[in-house]
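Novice: Submitted below is the structure of interest, expressed as structure tokens.
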Amino acid sequence: MLRHEFQPGRLTAGLFLTVAGLAYLGDAGGAWETPWFVIIPIVTGGLCLAAVTGMVGSSIRRGLAARKEVRDASGGETTAS
């Protein structure tokens, strides 16, 4: 199986959208009452958190790739700082 790149932003978005879906599922099943306005903060908050998480993850990957390029360009030697 091919490995894929871990994307924590998508994981966060999926988690919050799943929570929103479960809230409506419980409401439809009669387990509890979910007001319509409860879903808005869950979805928007989750999407904002997913965006921040994605940007942080992207910047970490970009930094690691830049360090790897510098290390490869120097012949594999690292300098102690």
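Novice: Using a 1.4 angstrom probe, figure out how much accessible area the chain has per residue, in square angstrom, rounded to the nearest whole.
Specialist: Value returned for the chain: 82 Å² of accessible area per residue.
Novice: Taking the Cα centre of the chain as the origin and placing charges on Cβ (Lys, Arg +1; Asp, Glu -1), which of Met1, Val43, Val70 is farthest toward the positive end of the dipole?
Specialist: Comparing the listed Cα positions along the dipole, Val70 ranks first.
Novice: Just how large is the dipole of the chain about the Cα centre, in debye to the nearest 20, putting +1 at every Lys and Arg Cβ and -1 at every Asp and Glu Cβ?
Specialist: Charge dipole of the chain: 340 debye, to the nearest 20.
Novice: Round to a whole number: what % of the accessible area of the chain belongs to carbon and sulfur, probe 1.4 Å?
Specialist: 68 percent
Novice: Please give me, ordered by residue number, the GluC sites (Glu not before Pro) of the chain that lie in loop per DSSP and have at most 14 other Cβ atoms within 10 Å.
Specialist: Glu5, Glu33, Glu77
Novice: Could I ask something else about it? Obtain the nm distance between the two label points defined at Phe37 and Met55 by a simple spin-label model: each point lies 7 Å from its Cα along the Cα-to-C-beta direction.
Specialist: Computed distance between label sites Phe37 and Met55 equals 2.9 nm.
Novice: Return the label of the correct value of Cα extents along the principal axes in Å, as calculated from the structure shown, out of (i) 65, 30, 15; (ii) 57, 37, 15; (iii) 61, 32, 27.
Specialist: Checked against the structure: label (i).
Novice: Moving on. Which whole-number percentage describes the relative contact order of the chain, with Cα contacts under 8 Å and a sequence gap of 6 or more?
Specialist: Rounded, it is 38 percent for the chain.
Novice: Name the trypsin sites (Lys or Arg not before Pro) in the chain that are in a loop by DSSP and that have at most 14 other C-beta atoms within 10 Å, would you?
Specialist: Qualifying residues, ordered by number: Arg3.
Novice: Against the longest principal axis of the chain, how steep is helix 8-29, in degrees 0 to 90 to the nearest 10, with axes from Cα atoms?
Specialist: Here the helix axis deviates by roughly 10 degrees.
The values are calculated or read from the model by the stated rules, or taken from the named source; none is laboratory data. Small disclaimer: the values here were computed from a predicted structure and weren't measured. We place every Cβ from the backbone using ideal geometry, glycine too, and count neighbours over all the protein chains shown. Just the protein is used for accessible areas: all its heavy atoms, side chains included, with ligands, DNA and RNA removed. Shrake-Rupley method; radii C 1.70, N 1.55, O 1.52, S 1.80 Å.
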